[in-house]
1. Could you please tell me the mean projected area of the C-alpha convex hull for segment 1-70, averaged over all directions and given in square nanometres to one decimal?
2. With a 10 Å radius around each residue's Cβ, average the other Cβ atoms per peptide and rank 199-209, 123-133, highest first.
3. Ratio of Rg to Rh for segment 4-214, alpha carbon only, Kirkwood?
4. Which value in nm describes the separation of the simple spin-label points at residue 193 and residue 221, placed 7 Å from the Cα toward the beta carbon?
Amino acid sequence: MANFTTHLAIGTMASGMLATVTMAANVVDPHNIMTVCLAGALGSILPDIDLKDSRPSQAIFSGLAIFLAFVVLFNVAWKYSIVEMWILWLGTFLFVKFPGQAFFHRLSYHRGIYHSLLAAVFFALLTAVVYRWLFGANEGVSWLAAGFMFAGYLVHLTLDEIYSVDVMDVRIKHSFGTALKLYDGKHLGHSAAMLAAVLLVYGATPPVQSFWREFTSEDIWAGLHQRFLPHGRWFDVLALDGTGLPQPITVRLSQQHQDLPVAIPAGTPDIITGSLPSPAPREPKSAPASMLAPADPAAGQ
């Protein structure tokens with residue numbers, strides 16, 4: 001299988017490519033792009049949480065222990081003294097980090113249920129729940145982060161399958177087929193538990209209808225098609241207009257929309273579709289009264 005560094009590097013690269021597409025489509029505000037990219041990077045190492053003594057497992061459980069410790073602290077901060085709060089924080093962290101991690105590994109084995117598409121769906125839905133109800137992100141950003149999580153998870157499983165093929169010796173390793181699978185057929189109890197977890201978490205996810213409607217908008221895909229390759233010179237560095245500034249990129253919008261330069265105005269919402277309304281007709285500006293009034297010959301006397 002691929003090592004930790006490879007998984008993280010390829011997963012981060014895939015998240016960056018997805019981030020480029022989402023920014024080009026104007027489907028996420030720039031200040032939110034880093035948070036959704038982090039979900040993709042996390043997904044690229046998350047399947048190895050069941051690998052004992054692995055760096056992904058150690059890092060994930062350390063982060064989870066810190067998170068839960070602060071949850072406990074913030075819920076009891078008004079009840080106890082400082083020393084008691086220190087004990088509660090440290091006790092929660094140590095309990096999750098050591099006994100909790102050991103108990104988890106006793107119930108799991110590597111390339112089991114966590115190396116499956118069913119687990120990828122579970123963590124994607126869980127990401128939408130965490131982003132919406134814990135981080136306060138809007139529905140669109142929450143589901144976009146879920147998509148990045150699923151993509152990163154899928155990259156990990158695919159890399160493991162690729163590494164199961166020994167290209168030099170032209171042979172298939174015994175591990176082939178154990179990473180990218182729909183569910184864990186060897187332990188149906190684990191698969192049933194994961195399916196129940198998927199259904200449970202799905203009930204807490206934010207509404208997806210508005211996000212899906214925006215994601216499948218014809219204007220988004222028309223804009224991406226228009227912007228996929230440069231028009232004229234690459235990078236448009238030398239294609240300057242008379243003002244010395246790069247010329248705006250024009251995206252053809254569907255139906256009643258006209259060719260308009262794409263620009264993200266100040267104060268945009270957290271998620272936008274990239275579609276722009278038809279501009280209102282502008283009335284000609286009236287000239288100043290001094291310009292309209294006829295010259296008075298006596299004014300200069």
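1. Average projection, Cα convex hull of segment 1-70: 5.6 nm².
2. 123-133, 199-209
3. Reported Rg/Rh (Cα atoms, Kirkwood Rh): 1.01.
4. Between residue 193 and residue 221, the label points sit 4.1 nm apart.
Readers should treat all values here as calculations from the given coordinates under stated rules, not as data from a laboratory. Computed from a predicted model, the values in this text were never measured in an experiment. Don't worry about glycine lacking a Cβ; one is built from the backbone with ideal geometry, like all the others, and counts go over all protein chains shown.
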